[in-house]
Number of protein chains: 4
Amino acid sequence: MLSFENDYSCTATPEIIEGIRQTVAKQYPGYGSDEICESAKAKIRAACESPKAEIFFLVGGTQTNQIVIDSITPQYAGVVAAGTGHVNVHEAGAIESTGHKVLTLPHHDGKIDARELDEYCADFYADGNHAHMVFPGCVYISQATEYGTLYTLPELKAIRKVCDGYELPLFIDGARLGYALTATGNDVTLQDIARLSDVFYIGGTKVGAMFGEAVVFTHGNMPEHFVTLVKRHGALLAKGWLLGLQFDTLFTDDLYRRIAHRANTAADRIREALSERGYTLTFDAPTNQIFVTLDNETSNRLQRHVRLGFMEKADDAHTVMRICTSWATTDEQVEKLIALL
Amino acid sequence: MLSFENDYSCTATPEIIEGIRQTVAKQYPGYGSDEICESAKAKIRAACESPKAEIFFLVGGTQTNQIVIDSITPQYAGVVAAGTGHVNVHEAGAIESTGHKVLTLPHHDGKIDARELDEYCADFYADGNHAHMVFPGCVYISQATEYGTLYTLPELKAIRKVCDGYELPLFIDGARLGYALTATGNDVTLQDIARLSDVFYIGGTKVGAMFGEAVVFTHGNMPEHFVTLVKRHGALLAKGWLLGLQFDTLFTDDLYRRIAHRANTAADRIREALSERGYTLTFDAPTNQIFVTLDNETSNRLQRHVRLGFMEKADDAHTVMRICTSWATTDEQVEKLIALL
Amino acid sequence: MLSFENDYSCTATPEIIEGIRQTVAKQYPGYGSDEICESAKAKIRAACESPKAEIFFLVGGTQTNQIVIDSITPQYAGVVAAGTGHVNVHEAGAIESTGHKVLTLPHHDGKIDARELDEYCADFYADGNHAHMVFPGCVYISQATEYGTLYTLPELKAIRKVCDGYELPLFIDGARLGYALTATGNDVTLQDIARLSDVFYIGGTKVGAMFGEAVVFTHGNMPEHFVTLVKRHGALLAKGWLLGLQFDTLFTDDLYRRIAHRANTAADRIREALSERGYTLTFDAPTNQIFVTLDNETSNRLQRHVRLGFMEKADDAHTVMRICTSWATTDEQVEKLIALL
Amino acid sequence: MLSFENDYSCTATPEIIEGIRQTVAKQYPGYGSDEICESAKAKIRAACESPKAEIFFLVGGTQTNQIVIDSITPQYAGVVAAGTGHVNVHEAGAIESTGHKVLTLPHHDGKIDARELDEYCADFYADGNHAHMVFPGCVYISQATEYGTLYTLPELKAIRKVCDGYELPLFIDGARLGYALTATGNDVTLQDIARLSDVFYIGGTKVGAMFGEAVVFTHGNMPEHFVTLVKRHGALLAKGWLLGLQFDTLFTDDLYRRIAHRANTAADRIREALSERGYTLTFDAPTNQIFVTLDNETSNRLQRHVRLGFMEKADDAHTVMRICTSWATTDEQVEKLIALL
């Protein structure tokens, strides 16, 4: 059956599979201390224009969010995030399992607002009794967000400024960073991300890799003994070169951007078709995730032919569904879907 | 350079690489809810002769030890293990990070002794003040152990009996289970492991897979909402079929046993050569790990030509080194090593 | 300076001080295994009309909330509470420090609504993807609430019914239970609390004791090895008889109710005076906490003569302040305050 | 029945009870922000000759050990302690519950040896693979130890030197510090303790107070937002002046030393009587704890008349029992005990 359910339903790009195949006859040192990892890191540093960036490869997104937040947030503090943030809603309490509260701000199409962040912090410190409360300890945002929307460069700069004011590290979840960087109308570059954040990650799992997220500490601020912290979380991959190879491949010949752009193009094509046919887009989002508010009849009809992602009931008669393209989406799949609309 | 440093320095068996390649054109549902995982589980259940076994695939060994122990051990309790156990020594505090103490017993060539376990528990409950102490909450052993040694069937049964007496679940770390099952002189079958333990895992990372450990809850005792517990630990792989496929391949045509046996044969050949040349084997172990006590001069000479694992200083003049074969070790590598001895 | 800042600014009732004095010449066994604790437990069981109730004395409220919630909530679950609940706002992350998320419902004058609780749970299980979310694991409410309001008996029964439907234990924080039980118009008895909850506590710190909270597991459901869990949290008082003696005293001759009633009477008198003078009560609450919305000028004027509790800014020109009576409030203090209004 | 079971079986010195009584008519600000706490801190600073010392009052010993260790030990590290240390054996896993492993050294009559500590650290860093192990993160010792023995000044200085070499904070558990400071032959002063440690505590629970331990950070090194960390552990006492008053009283007119000395004198008298009668003292200890190895018959006979502490079976025919004096022990009790020997 046709599926636009998510962006992690295919194994990996052929280039990565071929790369894996070529390692078979060789031996590598363990835990990421191999040359392929070094090569991948060098390419990422170059792409970020951040010669001092420190990079660590992890397997999955929740794992990455958990480890990064736990390692940069003081014991007396929590992580500030949108109420809709992945760390608040869809990680089964992984953040709290490390002892940190998720402190939520209202979301605006999935994004937090710099002014509201500023007010939150100002109110926190204004309250004389804040010693009995959880301090804001870092700020978590996603680019692209849960709803496929993007922070603009001015928005990012404004958040950075508030973070500076309260000495809060800014962590950007880039599980879908590829789709963000290559979206129509996006004005935030990878170099901007590296410059404006304290730590971010480049998502592989949803953008062409079998698995893997490349965590980038942007200015020599990787927490001390980070490899031990990763091991302590049970997250240190024995055969680290598998991670290095995937990112080395993705950052060769611009592959990461090329495949992400393809997914956005497919999504744009679907959005256009939806608009032409009078469908209601739930959010104005330019990346590979399309949220559409369907009457239940249409929703049911479509799902007899194509797997979509369920998001939430809008009201008794309508449902918000997600149509998700990926680096692996083919023109043929897009046309089949459009024919069903 | 020649390397016998460890058994996780090669990517995976060609069968697995080929299997991965064949998934490229397809789409799969996420998080292990796919048909390949189901197929792999069926094959493992059959191999264990445990139709009721519940199976969950995880990525790595420390992760598996952490999640299993945390999910089966009460809050007021710890895990009983050999002082040399992997969970006590080489996991960067991953067990304690979940709030559980590792309660250590003396080791005998890496193994715990049923009688000492019994005495430990008896003493614990005899002491009227034990409410202020960490209760024994489960028992952790490895087959093969850290030192490549094996529990015999009578030894395993004796431990099981003590566990029954104190209602302690028995967890067997099988990171190197393949090498244990196929070792010369081994009398413990996979079915014995399944029958005598409450939970164990079949190691993939060190026995032919790119990564992956198959956790087997042997009698309908998988903790409630285990998938949520795994997600909470940041350990739920998005593309679960990658794990399923590897175990499906390893449990087809007896591949798991065949490749493990090959590693043992290579190790036997090396052990024979060491003995002939008068080297001192530190432990009498029949699996793929060979521990040899070398005078420092020999140790240094060898390491100019071959990478070995450092274990510990025996005394000022001697060092214990590990020679580790794997499923990927070739006859040519073995002969080269022997020529150096 | 006159103070109505809180209800924990005086040491203890004279009866308790005298009781402590009388223990001086004696020796007691440690950790609560003494006869005074047994006597106190018997009196509480009788007052609750719960012969099977199991009782444990702890030192403070946050400690109690942390230990109870941690011991009754599964690892995969969190605690459902009002967004304004003490555990969510004013405990410095004590709940999250044990790995559990606080799942918030909207509050209505500090209370949760049974129907909204029901919908929350229904939605949770309706969402097919809930394995990636934090399960509701227990329900936390306070009687009286943070805002001095009370659940009515029908409201409590409705919450109990929802808890039954989803097999959620109901935990009632009774830090100010005395003030709730003796408030004008209250229709919920101590026996109701014991019957309708799975676990609750009788607050001592804010109702006449130097310190101490009596946790009551209402139906033989005290978690296994609870004393060890308490010790593990660093919360086991060596000289347990100090706790037992205080509760034994409070539950002799109805002292607990008598002193609480006195505080409510003082608060009623103040509320009356506030109403007569046209002040705006922020909540319609019958217990010892009075929340009043003051224009800033009045607020500042009052605070030159009396210490009040700051709650929040209502708007740029108004502030919500708390006037808090206690078991120790004297008529003279009340009259002085009223004279200032 | 006569009891020498422990040193926390009596309520408090009369001076403290009287001090508590005198607070009854007053109101105090909460959480330790009162003037009595300030006065007590000033007296402790003076006694330590440490004008920069920061002091925090906590309720109990396990709580104190847990909070101090958790707040000074990095996430990737554990606490180094004697295998017999209270934190390793008798705290129900309170340390591990905060995610930190207890790393054990051999004990010598309850004490660790500076040379062995040095070797432990040297070996740790020598092992190239230590990134997979728990780092030593702080050092925990007790003065007096679990066995009533004392570190000499040269021993303490030697440990301090090793700590300096590896940048490890030194934490001294002073639950029985009074008994240590006033023991015959002791050469370590309170000022030495303050000078040689990074943090220590002055035990109140076992030395005259109802409860309470005064944590002293010796050189401006109290962890940031420590009050929030304490609250997060559920350990912040609402009526902080109860703690302040007890330490203010103990540090007035040398009361702390005077009552501790009395206990040591009683213990010396008992030790003398034991020696005269040919009993075997298990350890050569000068403080209020006497460990004596009894044949089982004598042990049983004595326990019909006096409560003693059980320590361990020495062999099938002998038992090690503890005779514990305290600040409350009377001459009459001592004579009664001696008459039984």
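Regarding B:GLU38, is this residue out of contact with any strand residue (DSSP E or B) (no Cβ under 8 Å at 6 or more places or on another chain), assigned by TED's automatic domain parsing to the domain that holds B:MET210 and charged (D, E, K, R)? Criteria met by B:GLU38.
The helices (runs of 4 or more DSSP H) falling completely within the stretch C:195-283 that include 1 or more residues that are over 22 Å from D:THR23 (Cα atoms), touching a residue at least 24 places away in the same chain (Cβ under 8 Å) and away from chain D (no Cβ under 14 Å) map to C:255-276.
When the stretch A:11-34 is examined, which residues are found to be in contact (Cβ under 8 Å) with a residue 24 or more places away in the chain and either under 22 Å from A:ALA235 (Cα atoms) or touching a Gly at 6+ places or on another chain (Cβ under 8 Å) (or both)? Working first, answer last.
Within the stretch A:11-34, the subset in contact (Cβ under 8 Å) with a residue 24 or more places away in the chain is A:11-13, A:15-16, A:19-20, A:23, A:28, A:30-34.
Those that are in contact (Cβ under 8 Å) with a residue 24 or more places away in the chain and either under 22 Å from A:ALA235 (Cα atoms) or touching a Gly at 6+ places or on another chain (Cβ under 8 Å) (or both): A:THR11, A:ALA12, A:THR13, A:ILE16, A:ILE20, A:TYR28, A:GLY30, A:TYR31, A:GLY32, A:SER33, A:ASP34.
The residue that is nearest to the chain's Cα centre (by Cα), counting only those in the stretch C:193-227 that are closer than 18 Å to C:CYS37 by Cα and among the hydroxyl-bearing types (Ser, Thr, Tyr), is C:TYR201. Tallying residues that are in contact (Cβ under 8 Å) with a residue 12 or more places away in the chain, in a helix (DSSP H, G or I) and not hydrophobic (A, V, I, L, M, F, W, C) within the stretch A:304-341 yields 3.
Screening C:ALA183, C:ALA209, C:ALA235 for residues that are assigned by TED's automatic domain parsing to the domain that holds C:PRO51 and closer than 15 Å to C:ALA144 by Cα leaves exactly one candidate, C:ALA183. Answer yes or no: is there a residue in the stretch B:68-81 that is of a type in the set (A, V, I, L, M) and open to solvent by 30 Å² or more (accessible area, probe 1.4 Å). Yes: one or more hits. Among the residues of the stretch B:120-132, write down those that are in contact with a helix residue (DSSP H, G or I) (Cβ under 7 Å, 6 or more places away or on another chain) and either within 14 Å of another protein chain (Cβ to nearest Cβ) or closer than 22 Å to B:ALA260 by Cβ (or both). Result: B:PHE124, B:HIS130, B:ALA131, B:HIS132. For the stretch C:55-82, a tally of residues being more than 14 Å from chain D (Cβ to nearest Cβ) and in contact with a Pro (Cβ under 6 Å, 6 or more places away or on another chain) returns 2. At least 2 residues being touching a Lys or Arg at 6+ places or on another chain (Cβ under 9 Å) is the threshold, and among the strands (runs of 3 or more DSSP E) wholly inside the stretch D:50-117 those reaching it are D:54-58, D:77-82. Any residue that is open to solvent by 10 Å² or more (accessible area, probe 1.4 Å), within 9 Å of another protein chain (Cβ to nearest Cβ) and either of a type in the set (Gly, Ala, Ser) or within 23 Å of B:HIS130 (Cα to Cα) (or both) - is there at least one of those in the stretch D:36-53? No - not one qualifying residue is present in the stretch D:36-53.
Determine whether the stretch A:154-170 contains at least one residue that is touching a residue at least 40 places away in the same chain (Cβ under 8 Å) and either closer than 18 Å to A:VAL59 by Cβ or in the same structural domain as A:THR287 (by TED's automatic domain parsing) (or both). Checked against the condition, which is being touching a residue at least 40 places away in the same chain (Cβ under 8 Å) and either closer than 18 Å to A:VAL59 by Cβ or in the same structural domain as A:THR287 (by TED's automatic domain parsing) (or both), the stretch A:154-170 yields no hits at all. Could you go through the stretch B:129-142 and let me know if any residue there is assigned to a loop (DSSP other than H, G, I, E, B) and surrounded by 19 or more Cβ atoms within 10 Å (Cβ to Cβ). Yes. Note on the stretch C:13-22: among residues that are more than 7 Å from chain D (Cβ to nearest Cβ) and within 22 Å of D:LEU243 (Cβ to Cβ), the one that is most open to solvent (accessible area, probe 1.4 Å) is C:GLU18.
Regarding C:GLU146, is this residue crowded, with 23+ Cβ neighbours inside 10 Å and either within 14 Å of another protein chain (Cβ to nearest Cβ) or within 21 Å of C:ASP284 (Cβ to Cβ) (or both)? Lay out the reasoning, then the answer.
Numbers: crowded, with 23+ Cβ neighbours inside 10 Å: yes; either within 14 Å of another protein chain (Cβ to nearest Cβ) or within 21 Å of C:ASP284 (Cβ to Cβ) (or both): yes.
Yes; evaluated as a whole, the condition is true for this residue.
Every condition in (1) hydrophobic (A, V, I, L, M, F, W, C); (2) more than 19 Å from the chain's Cα centre (by Cα); (3) more than 14 Å from every other protein chain (Cβ to nearest Cβ) is met by B:LEU156 except one, and the failing one is (2).
Annotation: D:ASP173 fulfils all but one of (1) touching a residue at least 40 places away in the same chain (Cβ under 8 Å); (2) farther than 14 Å from D:GLY32 by Cβ; (3) more than 14 Å from every other protein chain (Cβ to nearest Cβ); (4) acidic (Asp, Glu); the unmet one is (3).
Being open to solvent by 10 Å² or more (accessible area, probe 1.4 Å), without any contact (Cβ under 8 Å) to a residue 60 or more places away in the chain and closer than 25 Å to C:GLU167 by Cα is the requirement here; does C:THR104 meet it?
Details: open to solvent by 10 Å² or more (accessible area, probe 1.4 Å): yes; without any contact (Cβ under 8 Å) to a residue 60 or more places away in the chain: yes; closer than 25 Å to C:GLU167 by Cα: yes.
Judged against the criteria, C:THR104 is a match.
C:TYR8 meets all of the listed conditions (1) at pLDDT below 95; (2) under 24 Å from C:ALA328 (Cα atoms) but one, namely (1). Any chance the stretch B:241-255 includes a residue that's within 23 Å of A:GLY204 (Cβ to Cβ) and over 21 Å from the mean Cα position of the chain (by Cα)? The answer is yes; a qualifying residue exists.
Looking across the stretch C:83-97, just one residue is more than 11 Å from every other protein chain (Cβ to nearest Cβ) and either charged (D, E, K, R) or open to solvent by 10 Å² or more (accessible area, probe 1.4 Å) (or both), and that is C:THR84. Scanning the stretch D:16-45 for residues that are polar (S, T, N, Q) and either in a loop (DSSP other than H, G, I, E, B) or at positive phi (or both) returns D:THR23, D:GLN27, D:SER33. Checked against (1) touching a helix residue (DSSP H, G or I) at 6+ places or on another chain (Cβ under 9 Å); (2) open to solvent by 20 Å² or more (accessible area, probe 1.4 Å), B:THR152 passes all but a single condition, namely (1).
Hey, among A:ALA53, A:ALA25, which residue is at pLDDT below 95 and not hydroxyl-bearing (Ser, Thr, Tyr)?
The match here is A:ALA25.
Just one of (1) closer than 30 Å to B:ARG115 by Cα; (2) over 18 Å from the mean Cα position of the chain (by Cα); (3) surrounded by fewer than 23 Cβ atoms within 10 Å (Cβ to Cβ); (4) within 11 Å of another protein chain (Cβ to nearest Cβ) trips up B:ALA25, so point out which. For B:ALA25, the exception is condition (1). Looking across the stretch A:195-204, the residues that are of a type outside the set (Phe, Trp, Tyr) and surrounded by 24 or more Cβ atoms within 10 Å (Cβ to Cβ) come down to A:SER197, A:VAL199, A:ILE202, A:GLY203, A:GLY204. Exactly one residue out of A:VAL134, A:VAL87 is under 19 Å from the mean Cα position of the chain (by Cα) and at pLDDT 95 or above: that is A:VAL87.
The values are calculated or read from the model by the stated rules, or taken from the named source; none is laboratory data. What you see is a predicted model, and the numbers here were worked out from it, not measured in a lab. When we count neighbours, we look across all protein chains shown, and the Cβ atoms used for this are built from the backbone with ideal geometry, even at glycine. These area figures cover heavy atoms from the full protein model, side chains too; ligands, DNA and RNA do not enter into them. Shrake-Rupley method; radii C 1.70, N 1.55, O 1.52, S 1.80 Å.
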